[in-house]
Structure formats: C-alpha cells, structure tokens
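For reference, the structure is listed below as structure tokens.
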Amino acid sequence: LYRCRGWYCHQPLSIYYLEMRIPMIIQFIVCFIATLSFAILFSAPKRQLFYCGLTGAAGWIIYLLVIQKNGSIALANLSAAFTLTLLARIFAAIERHPATVYLLSGIFPLVPGAGIYYTSYYFIRHEMDSFVKYGAETVIVAGSIVFGIVFGSSIPQRFFHMLAKQRD
C-alpha cells in the first residue's frame, strides 16, 4: 500500500492486495450482485438474470483461486474467462438463449478497467515508465480474457446440445 500525503494519493492502491483481504464468500455475493446489475443494464431476459449473475460470480471465484495458487494474473484471467465461457454455453444450451446473454454480463468483473484508467492517466502525465508498466499489464489481461473466450468457444457445440437433450 502507498501512503498518501494530504487528500491526494499519487500512487494507485493495489487492487490485488484488496482482493486477498476480503473473504471469498463476500466477493462472490458482491460479484453476483454487480454482474446481475450489469445484466439488467444490458436488458437480459428476466428469467436469465440469476444465471447471468452466477456466471460472473463463478468466473471471479476461479480468478481468485488461480491467483492464490499461482499468482499469475494472466493465467487467472485466462482460466476465469474459459470457465465463464463454458458456463455461458452450458446455460445457453439448457435455457435456449444465446450464450452472449450470459457471457457479456459475466465478463464484467474481469475487465481491466483500473488498468486502462491508469494507463491513460500516466500517458497524459507523461510518466512513460508507469504508462508502459500499466499498459503492458492491461494488454496481457485483455489478451488472456480473449484467449479464454476463444478456447471456451472452440469446444464443439454438440457437447452442449447433449446437455439440452438430457434436460428434455
């Protein structure tokens, strides 16, 4: 953590430090509510809101578990995006809705918003060392999320159709 002088703290508070200090069940609940709110904002069907929230919260828990075990932000985002893509495709097959209903809102907790903010902040302030550091980390996180979705989407659809047939 960085000490602030006065009211202005010129160094960002590490989100990774905070992630490990809040109990996992509380993070699951908060993430569920945040993802659910995002699904409402995206006008997801009302009957699918629970599944949207569950997708995002499950992805976040996978992220936390991998980061605790491995410590790699890239691997944690890759694993979480892969998991939530699989969940989105499973819910899509069972509930007969497009997977994007669940995937769009489920990806919300993983998006590196703070990294994008600090990258642009340091660029505007002409602090190129910090700009490169945060920019590279943000690109790695975004790339990991993309590859997680690609890997999850590359699984043949027939496996998910079998789940839907078992439901009927």
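The values are calculated or read from the model by the stated rules, or taken from the named source; none is laboratory data. Values in this document were obtained by computation on a predicted structure and should not be read as measured data. FYI the Cβ positions are ideal-geometry reconstructions off the backbone, even for glycines, and counts take in every protein chain you see. Surface areas here come from the heavy atoms of the whole protein model, side chains and all, with no ligands, DNA or RNA. Shrake-Rupley method; radii C 1.70, N 1.55, O 1.52, S 1.80 Å.
Kindly indicate the residue of the range 110-128 that is in contact with a helix residue (DSSP H, G or I) (Cβ under 8 Å, 6 or more places away or on another chain) and assigned to a loop (DSSP other than H, G, I, E, B) and also least open to solvent (accessible area, probe 1.4 Å) among those meeting that condition. In this case the residue turns out to be Pro112. Are any of the residues in the range 31-38 at pLDDT below 65 and surrounded by 10 or more Cβ atoms within 10 Å (Cβ to Cβ)? Checked the range 31-38: no residue is at pLDDT below 65 and surrounded by 10 or more Cβ atoms within 10 Å (Cβ to Cβ).
Which one of these is more than 14 Å from Val111 (Cα to Cα) and either hydroxyl-bearing (Ser, Thr, Tyr) or assigned to a helix (DSSP H, G or I) (or both): Ala80, Ala57, Ala93, Ala76?
Working: Ala80 fails: more than 14 Å from Val111 (Cα to Cα); Ala57 fails: more than 14 Å from Val111 (Cα to Cα); Ala76 fails: more than 14 Å from Val111 (Cα to Cα).
Of the residues listed, the single one that is more than 14 Å from Val111 (Cα to Cα) and either hydroxyl-bearing (Ser, Thr, Tyr) or assigned to a helix (DSSP H, G or I) (or both) is Ala93.
Within the range 73-87, residues that are aromatic (Phe, Trp, Tyr) reach partners that are in a helix (DSSP H, G or I) and open to solvent by 40 Å² or more (accessible area, probe 1.4 Å) with beta carbons closer than 7 Å, at six or more positions or on different chains, in the pairs Phe82/Phe151. Looking across the range 6-30, the residues that are surrounded by 11 or more Cβ atoms within 10 Å (Cβ to Cβ), of a type in the set (A, V, I, L, M, F, W, C) and at pLDDT 75 or above come down to Met24, Phe28, Ile29, Val30. Restricted to the range 82-133, and to residues there that are farther than 25 Å from Ser43 by Cα and of a type in the set (Phe, Trp, Tyr), the residue that is nearest to the chain's Cα centre (by Cα) is Tyr117. Residues that are in a helix (DSSP H, G or I) and open to solvent by less than 60 Å² (accessible area, probe 1.4 Å) within the range 39-50 comprise Ala39, Gln48, Leu49, listed in sequence order. On inspection, Ile107 fails the criterion of being open to solvent by 30 Å² or more (accessible area, probe 1.4 Å) and in contact (Cβ under 8 Å) with a residue 24 or more places away in the chain.
For the range 64-82, give me each residue that is out of contact with any Ser or Thr (no Cβ under 6 Å at 6 or more places or on another chain) and open to solvent by 10 Å² or more (accessible area, probe 1.4 Å).
Keep residues of the range 64-82 that are out of contact with any Ser or Thr (no Cβ under 6 Å at 6 or more places or on another chain), which gives 64-65, 67-73, 75-76, 79-82.
Passing the criteria: Leu65, Ile67, Gln68, Lys69, Asn70, Gly71, Ser72, Ile73, Leu75, Ser79, Phe82.
Quick check, is Phe147 open to solvent by 50 Å² or more (accessible area, probe 1.4 Å) and assigned to a helix (DSSP H, G or I)? So Phe147 passes the test.
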